[in-house]
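This report refers to the structure that appears directly beneath it.
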Amino acid sequence: MGALIEFQEVCKYYQMGDTTVKAADHISFQIQKGEFVAIVGQSGSGKSTCMNIIGCLDVPTAGIYLLDGQGVGQMDKDQLAAIRNRMLGFIFQQYNLLPKLTLQENVEVPLMYAGVPKGERHERSRLALEMVGLGDKLRNKPSQLSGGQQQRASIARALAGDPAVILADEPTGALDSHTGREVLTMLQQLHAAGNTVVLITHDNSIAVQAQRIIRLEDGRVIYDGDATAPEAVVTPGRAGRWKEADA
């Protein structure tokens, strides 16, 4: 079996006037089914570019991206949308819940786009909300919930589609530290249950909650390994550069 996610020399270049910006510069890595991986880096490191490519929201300028063995780089927008709906569950920093819909209706939105029949949508959304402790809030609107409850609802929305990959983009960024820890615990529980979780973050204290860290700087991978290894931890260096911490 091949990797669930595979980058082979992936590049993403943008033209800014006369300057070519290398947002991703020959990035290669593999993520296996069932892993919990944090992709971490500061602003401009390339982590958001990687997230967009993994999430089939963008395609590489060069190189190959394989999702469960399928080459994503040559797909058109309709094909990208189809594979997104089928294989990926998204958790966003700002929750992205629709304010006029109930929690259950919010969880059903991606299922509707994926063509799941109405009765099955109802059942899957109810079960997903129960899994995250919101089984008694099915009829509530997002505005009636705390930030932590809204993020749990967005986790339920990601889970309802039974995705191959749960892609969490700064999922604790809008939460206080206590609620953020609860959300991280939930991601760890999802990983323990066999789910593949890819966490995008700029925060080292969050990244080390994963099993493995892929650290980016200037569009390149500078570390890929065990999240508990001393060299996985960095501290801000002079002039905004990052260096290995003294272990």
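Laboratory data are not the source of any read-out in this text; all were calculated from the coordinates shown. In this text, all values refer to a predicted model and were calculated from it rather than measured experimentally. Here the Cβ is made from the backbone with ideal geometry for all residues, glycine too, and neighbour counts use every protein chain on show.
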Restricting to Cα pairs under 8 Å and 6 or more apart, the percent relative contact order of region 68-192 works out to 35
What does the extension gain come out to for Leu57 and Asp18, with contour length at 0.36 nm per residue minus their alpha carbon separation? 11.5 nm
Is there a quick way to get the dipole size of region 28-91? I mean about its Cα centre, with the Cβ of Lys and Arg at +1 and of Asp and Glu at -1; what is the value in debye to the nearest 20? 100
Set Lys77/Lys118; Lys22/Lys47; Lys12/Lys47 screened for pairs whose C-alpha atoms are more than 22 Å apart: Lys77/Lys118
Among Ile31, Ile213, Ile222, whose mean-square fluctuation peaks in a Gaussian network model of the chain (Cα, cutoff 10 Å)? Ile222
The farthest towards the positive end of the charge dipole of the chain, of the residues Gly194, Asn85, Gly41, given +1 on Cβ of Lys and Arg and -1 on Cβ of Asp and Glu, is Asn85
For the chain, what is the charge dipole size about the Cα centre, in debye to the nearest 20, if Lys and Arg each add +1 at the Cβ and Asp and Glu each add -1 at the Cβ? 660
How large is ³J(HN,Hα), in whole Hz, for each residue of region 170-182 in order, when computed from phi with the Karplus curve 6.51 cos²θ - 1.76 cosθ + 1.60 and θ = phi - 60°, using x for Gly and Pro? 6, x, 9, x, 9, 10, 5, 4, 5, 5, x, 5, 4
For the chain, with the dipole built from +1 on Lys and Arg beta-carbon atoms and -1 on Asp and Glu ones, taken about the Cα centre, which of Ala62, Gln151, Thr20 lies farthest toward the positive end? Gln151
Given only helices, namely DSSP H runs of n ≥ 4 each adding -39500 (n - 2.57), what is the per-residue ellipticity at 222 nm of the chain, to the nearest 500 deg cm²/dmol? -9500 deg cm²/dmol
Compute the Rg/Rh shape ratio of region 41-176: radius of gyration over Kirkwood radius, all on alpha-carbon atoms. 1.00
Calculate how steeply helix 147-160 sits against the longest principal axis of the alpha-carbon atoms of the chain, using the helix alpha-carbon long axis, and give the answer as 0 to 90 degrees to the nearest 10. 90
Given the convex hull of the Cα atoms of the chain, what is a quarter of its surface area in nm²? 14.7
